[in-house]
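Have a look at the structure below, then the notes.
Throughout, read-outs are computed from the coordinates displayed, never taken from laboratory work. Small disclaimer: the values here were computed from a predicted structure and weren't measured. Heads up, the Cβs are rebuilt from the backbone with ideal geometry, glycines too, and the neighbour counts pull from every protein chain shown.
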Amino acid sequence: MRIKPCFKGNLKWYFASYFAPPFIAYFGALVFFLIFASSFSPMQSVFAVQESITSVSEYLKTLLVLIPLAIIVNPLMGLLQCFGEELGWRGYLLLKLGERLSPLSASLITGAIWGVWHAPIIAMGYNYGTDNPIAGVFAMIVFCTVLGVISGFLTYKVNSIWPAVLFHASINGIDRWAPSSLFMFQKPNLFIGPDLSGIIGGLGFIIIGVVLGIIMMRWKKNEIHSL
């Protein structure tokens, strides 16, 4: 259970864990709106209506002020909660499984269990609505498995749970500024996008998860930190 931060030579991983998730999420949103261009209606979005925005310049000005602040501040609000979760998932379960399994296998299984753990609230409509709770639970397991690979990589690479904590908090922080509320008028397809829990909205995370998974497959025993 590696609670102590390990900053030496790893500051880039801490920085990326905290600041990269919003950009990865908006990459998926960009892909979604390139495919479904008719869905892009920022001036009629929930954000524009709530802020009483009436012009494009006002919309952009407000967005350019609030979004950077949200990226910096929002994750801090959930840091303690995410630390508690990651202490169990990456601080205990991942490392326990890693005693018998490869880093990638341990990360995949931990992520899948993490997804199953969310099943009750997903079935009640969180993230994917109440229309198809079984599909929602399955989608959440897939989503958490992808994030589990990224979090597992960070934990092994840095030899600390703190990058995973920052990554988790940053992911949660994006929920308050979901692309669907910023750029859409109609109700989004929760399984597709543009929000990161959809298959297209989460495309950036899927790509990164696959790349990091391939890297982890190539790790040699002596390259893995002793946790």
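Summing Lys and Arg as +1 and Asp and Glu as -1 over all other residues whose Cβ lies under 13 Å from the Cβ of Ile67 gives a net charge of +1.
Bridgeable lysines around Lys96 (alpha carbons under 23 Å apart, same-chain partners fewer than 8 residues away excluded): Lys4, Lys157, Lys220, Lys221. For Gly201, the residues 5 or more places off, or on other chains, whose built amide H falls under 5 Å of its own are Gly193. Three principal axis extents describe the C-alpha atoms of the chain; from largest down they are 58, 39, 29 Å.
For the chain, the longest principal axis of the Cα atoms and the long axis of helix 103-117 meet at an angle of about 50 degrees.
Karplus-based coupling profile of the range 21-34, in residue order and whole Hz: x, x, 5, 5, 5, 6, 5, x, 5, 4, 4, 4, 6, 5, with θ = phi - 60° in 6.51 cos²θ - 1.76 cosθ + 1.60 and x standing for Gly or Pro. For helix 203-217, what angle does its Cα long axis make with the longest principal axis of the chain, in degrees from 0 to 90 and rounded to 10? Here the helix axis deviates by roughly 10 degrees. By the helix-only formula, in which each DSSP H run with n ≥ 4 contributes -39500 (n - 2.57) and the sum is divided by residues, the chain has a 222 nm mean residue ellipticity of -20500 deg cm²/dmol. When the trypsin sites (Lys or Arg not before Pro) in the range 1-88 are filtered for DSSP coil states and for at most 12 other beta-carbon atoms within 10 Å of their beta-carbon, the remaining sites are Lys8. Taking the average, over residues, of other Cβ atoms within 10 Å as the packing measure, peptides 152-164, 208-220 rank 152-164, 208-220 from highest down.
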